[in-house]
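Inspection log for the structure reproduced underneath, given as structure tokens.
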Amino acid sequence: MIALSSRGLLLLLLLVGFLYAAPRFAMPVEAPIAEETAVSVSNKRIAFSFDDTPRGMGAFLEKDERPRLLIEALETAGIEQAAFFINPGRITPSDNDAEIVASYAAAGHVLANHTAHHSKLASTSVEKFLVDVDEAAEWLDGKPNFRPWFRFPHLDEGSKDKAKRDAVRKALKRRGLMNGYVTVDASDWYMEELALQASKAGQTMDWNALRDLFVESYLESANFSDDLARRTLDRAPVQMILLHDTDLAAMFVDDLAAALKKDGWQIVTADEAYRDPIAFMEPDVEFADGTRIQMLAAERGIGNRWYMRNDQKVAKKLFAERVLRD
Ligand SMILES: [Zn+2]
């Protein structure tokens, strides 16, 4: 465990060369966009979202540091309005998690429903799942900056069970809840898990390399999804990036935002993202799981839908090669 008291200290450690690695930020090489591409490359727009608040400890920050650092990093990044998908069932009277959630709203971000206890639809009944949705809705009701959006835990919208999928879709509509889908994922939760394992095992991690891996993976994933969307819809919808309320997000989201901007992306609000026409589409697929653009592509029989680094074997190997220093 590395105890760091502030973002300033983190940056200082970065400047003095935390551990020993020199920064080696390798931007992914982009294939040139063909001239006949129907949509201009300049209209790449993206919004940010964070799941699982309040989430357990990571490998780097003290419990109260993460939200402070995250709010500060979002401000530095020029991310005016991110969406936080809350699991109120994890809030207890003996912690300050409710204040943390309130601090996100006070900083201009919006709050939405991720079930109270993070139920996975594939492994629970529709009835129990909806009880979990309603418990979260009750907690969120009347909170400042609440939005009537619902994000499926594990992005599982019913998997292969169409009856279940349709029953939940209908029930969400009856409750006035819109599917708070994502379109860009690079499994920050798994990188966080690998960092925790390394920390517990006493392994040394290269902080700069971890930042570079995080930033590079999300940037690549955003461009992957942009390309998939253009191939699928012949237009560029606003992308919605999925992050979690993790140490990694708090430490690196401003670096990620800077890399996205440098690559031609414009950061927009979560409200703007969910006004995109894809917000009103309901893909009819054999396997209702994953990002909205993956599902829309599946519906239209478009191939190459999965971003490689969401494969845990790939992610684990990259983490071991680039971040671990033992
Ligand atoms: Zn979640």
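The values are calculated or read from the model by the stated rules, or taken from the named source; none is laboratory data. What you are looking at is a predicted structure, and each value in this text was computed from that prediction instead of being measured. Counting neighbours? That spans all protein chains shown, and the Cβs are built from the backbone with ideal geometry, glycine included.
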**OP:** Kindly list, by first and then second residue, each pair from a residue in segment 238-260 that is closer than 17 Å to ALA112 by Cβ and away from the ligand (no atom under 14 Å from the Cβ) to a residue that is acidic (Asp, Glu) and in a helix (DSSP H, G or I), limited to pairs with Cβ atoms under 8 Å and residues at least 6 apart or on different chains.
**Re:** VAL238/GLU272
**OP:** May I ask you to list the residues in segment 236-289 that are part of a helix (DSSP H, G or I), surrounded by fewer than 24 Cβ atoms within 10 Å (Cβ to Cβ) and among the β-branched types (Val, Ile, Thr)?
**Re:** ILE278
Subject >> Near pairs, Cβ below 6 angstrom, 6+ apart or cross-chain, from segment 147-170 (more than 15 Å from ALA122 (Cβ to Cβ) and assigned to a strand (DSSP E or B)) to any residue that is among the β-branched types (Val, Ile, Thr) and away from the ligand (no atom under 16 Å from the Cβ) >> reply: ARG147/VAL110
Original post:
Looking at this structure, is SER217 under 17 Å from LYS316 (Cα atoms) and surrounded by 22 or more Cβ atoms within 10 Å (Cβ to Cβ)?
Top reply: yes
**OP:** Report yes if some residue within segment 188-198 is under 15 Å from the mean Cα position of the chain (by Cα), away from the ligand (no atom under 16 Å from the Cβ), polar (S, T, N, Q) and in a helix (DSSP H, G or I); otherwise report no.
**Re:** no
**OP:** Of all residues in segment 79-119, count the ones that are assigned to a loop (DSSP other than H, G, I, E, B) and within 16 Å of the ligand (Cβ to nearest atom).
**Re:** 9
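So that you can scan it fast, the table gives a plain yes or no per residue for (1) at pLDDT 95 or above; (2) surrounded by fewer than 20 Cβ atoms within 10 Å (Cβ to Cβ); (3) more than 27 Å from GLU272 (Cβ to Cβ):
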| residue | (1), (2), (3) |
| --- | --- |
| ARG169 | yes, yes, no |
| ARG175 | yes, yes, no |
| MET178 | yes, yes, no |
| THR183 | yes, no, no |
| MET191 | yes, no, yes |
| ALA195 | yes, no, yes |
| ALA198 | yes, no, yes |
| THR204 | yes, yes, yes |
Subject >> Residues that are part of a helix (DSSP H, G or I) and either under 23 Å from ILE100 (Cβ atoms) or without any contact (Cβ under 8 Å) to a residue 12 or more places away in the chain (or both), drawn from segment 120-133 >> reply: SER123, GLU127, LYS128, VAL131, ASP132, VAL133
